[in-house]
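Below is one structure, written out as structure tokens; the observations come after it.
Read-outs throughout are calculated quantities, based only on the coordinates presented, and are distinct from any laboratory measurement. Predicted, not measured: the structure shown is a model, and the values here were computed from it. Glycine gets a Cβ as well: all are built from the backbone with ideal geometry, and neighbour counts include every protein chain shown.
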């Protein structure tokens, strides 16, 4: 759990005098006037979070406690750069490193790296943070490299997260993904993690690579939670996406997914992103079910939820992701991207099959197969769902009714599939409750 820093701790860590005359200090109200012009000088009017262009609103954000900003100035007092620590995750022990800029006059001075060093020092000592999460744009590699040199490791991608219209200043040819990088301070109270079989090897590699410890087990659930789902739904038109954060996957899961799929596609969103809590066996089962319904996975976010629970990043793209615009800093993230692309190709083939698309209308083409063995080939998605549910295609799970792979009943025989007619009857009469939590525009990435 995040410890509240004392006033003395904050004061001791509030100002750093660098050898070359730069001074890095915590944001004060006097700094607010410089923020809009600095971001406009770097990004034009296209930065993701519009609050940076409103000095008063930015000052209120900093004063709210939801974000801690650090400012760099040179020896004359001129504004040089900015970086922030934001409490964007439900787990406030994991802070996000964000909003890093250096104005053109101070580039190549090394001040960007030093601001990040001071921010990490502040997060670890003054805030008592258990981890820091970095979200870097993938249309260039500068930020990715700087944080990777400080021990951050890649754990996921958020595809097409930044629309092209927000990147006009950078002259890109499509939306940009963000790379999720993670630095663990070895203070995290990590909850047990239930690994979905199809992604168990990959998720293990990602967690080990990021030095995230904790108990893990491969799990196929015996049923979804028989209570209603606990989720937060966020429609994010500014980012052309809708997000569901599933804390608990209950009997109404498919109703929720179906409703939000329909709404998101009708509203012109590029994708529906579903963050699934891996802190329960039911969460692992939900990942397998989504995978069997043509969803793809783009990684995970460690310790994202309260009590240090990891989430899997599952998504359905209504248009093909702009993979060609992704630039990554090294072999590790490039290998991860290859896995993400391969899983998207699998999801597209399977999604077309399950949704009974007329492939003849598109020349009968499907994404090209990638050569070479893959960790994702270990468990065929359709076969997994068939064994879990005993049937093919999409079903409503108001009645639960999944059996673990290879499980046997008390009489030693394999479990019987759910009764299809009973399932249809339950689906016909059931009306899943509305998602818990408020529906609102998602907080802009910082």
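List of remarks:
- Averaging the Cα positions of each part gives two centres, and for the range 178-245 and the range 332-346 these lie 17 Å apart.
- Short-range pairs are left out: with C-alpha atoms under 8 Å and at least six residues apart, the relative contact order of the range 40-188 is 21 percent.
- For 23, 132, order by how many other beta-carbon atoms lie within 10 Å, fewest first: 23, 132
- Ranked list, fewest to most other Cβ atoms within 10 Å of each Cβ, for 26, 48, 278: 26, 48, 278
- Set of the range 284-317 residues, backbone N closer than 20 Å to the point 7 Å along the Cα-Cβ line of residue 226: 284-286
- Ordered from longest to shortest, the equivalent ellipsoid semi-axes for the range 176-262 are 26, 21, 12 Å, each the square root of 5 times a Cα gyration tensor eigenvalue.
- Global dimensions of the range 16-184 from alpha-carbon coordinates: Rg and Dmax equal 15.2, 41 Å.
- In terms of surrounding Cβ atoms within a 10 Å radius of their Cβ, 331, 260 rank from fewest to most as 331, 260.
- Length-normalised contact order of the range 194-327 in % [C-alpha pairs under 8 Å, at least 6 apart]: 24 percent
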